[in-house]
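If you scroll down you'll find the structure; I have some questions about it.
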Amino acid sequence: MATMGPIPNPGSRPCASLRPRGKRFSLAVGTVLAVVLISSPSSAETSPRGELEDFFGGVTAILSVAISPNQAQGDLRNLARALFDGREAARRALGPAWDGRTGAEREEFIRIFTGVVEHAFLEIVQSRLPGDRPPAVRVVGEGTIGERDAVVRTEVQAKYGDDIRLDYVMNRSGKGWLVRDVVIDGVSLVGNFRAQFARILRTSSFADLVLRLRTAAGAGTTGPIAAPPNFKVIVAYFDTSSADLSPAARRDLDRAVAWLATNGHGRALVEGYSDQRGDVRPNQALAERRANSIRDYLVTQGVGGDRITIITYAGQRPVCQEPLEGCWVQNRRAVVRMTR
């Protein structure tokens, strides 16, 4: 993905406050953000920001009058058909290997990959949204990337009052704009998949990659992907005030993915922590972001979100209690426990 330049911020501008009635809220949380990743034809817009603002406005209207989850979901899918460019996203995720694929292989890859990305996006965003109120989507900036690409930056209020940053990377298509990637708190979904696919292709084959994608998409393919490692606990460490995963943490989490793939009844318990400095509420939010960064990584690797449980302790359970950096380093962590 092209490097993003600075995004001008003309000031936070409310885009849509989503207010479904009664039990429809759970549907709203699940679909209002995930539906942007479903493809088909769309109305032409000259502005990427206008395209998204009109879409969110349409979502609000649908959810306000829907009489059943099925009706709302169907209407939302129809509304969002042209917003996601599955072909371009798949091409970028596959990288140089795209050129060596036949037309039929490309079409199958696009179809499966689009479903996997949609599911991963839904799982990640749902895990971060509050369960007691509708999410308010705010468009806060728009910028260009090269000659034909743009990024629209949005924010959604999450648990503990912090915001999830969702950047929609869009490319011009005729008179309109299509979404080709979503960057969640600075992490590109398509870029994440591209790194995973490159590792698989270096050590295996395109056929094996497709098999793994089918498994992740729930297309009926079952069976082991890799031999289970011998471990029960993974510990990931973080920099001060950061929830970014280190390369070492990602390597360890790949082992967790392999174990879960070969243990169908296995689950992952992710514990988030912070060090003892600072106020309780910001530390709790930071601990949750750390746990969620691990959950997000597991989900993008194909682990079902229903197999992952998150609990946060912030600074409540330090492994070292001295007021020294050497201790704080040990306490800025997340622990992943494999269970059956």
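Could you sort Arg212, Arg202 by accessible area so the largest value comes first, with the probe set to 1.4 Å?
Values: Arg212 75, Arg202 170 Å².
Largest accessible area first, the residues go Arg202, Arg212.
If amide hydrogens are placed 1.01 Å from N in the peptide plane, which non-local residues have theirs closer than 5 Å to the one on Ala158?
Asp163, Ile164
So what does Ser173 come to for accessible area, using a 1.4 Å probe and Å² rounded to 10?
Here the residue's solvent-accessible area equals roughly 60 Å².
For Ser64 and Arg337, FRET efficiency with R0 = 45 Å and r from the beta-carbon atoms, rounded to 0.05?
Numbers: r = 42 Å, r/R0 = 0.94.
With R0 = 45 Å, the Cβ-Cβ based efficiency is 0.60.
Also, I was wondering about something else. Which distance in nm do the two modelled labels at Ala104 and Arg202 give, with both placed 7 Å along the Cα-to-Cβ direction?
It is 3.2 nm.
Continuing with this model, one more query. By how many nm would the segment from Asp163 to Thr262 lengthen if fully extended, with 0.36 nm per residue of separation less the alpha-carbon distance?
32.1 nm
Please label the shape of segment 154-215 as rounded, prolate or oblate, based on the square roots a ≥ b ≥ c of the eigenvalues of the alpha-carbon gyration tensor (a/c under 1.5 means rounded; beyond that, a/b larger than b/c means prolate, else oblate). The partial results should precede the final answer.
Details: a/c = 3.10, a/b = 1.52, b/c = 2.03.
The shape class here is oblate.
Whose amide H sits under 5 Å from the amide H of Asp181, counting only residues 5 or more places off or on another chain, with H placed in the peptide plane?
Val169
Amide H of Gly141 versus every other amide H placed in the peptide plane: which residues, excluding those fewer than 5 positions away on the same chain, fall under 5 Å?
Here Arg153 satisfy the definition.
The values are calculated or read from the model by the stated rules, or taken from the named source; none is laboratory data. What you are looking at is a predicted structure, and each value in this text was computed from that prediction instead of being measured. Neighbour counts are summed over all protein chains in view; Cβ atoms, including those assigned to glycine, are modelled from backbone coordinates with ideal geometry. Heads up: the accessible areas ignore ligands, DNA and RNA and are worked out on the full protein's heavy atoms, side chains in. Shrake-Rupley method; radii C 1.70, N 1.55, O 1.52, S 1.80 Å.
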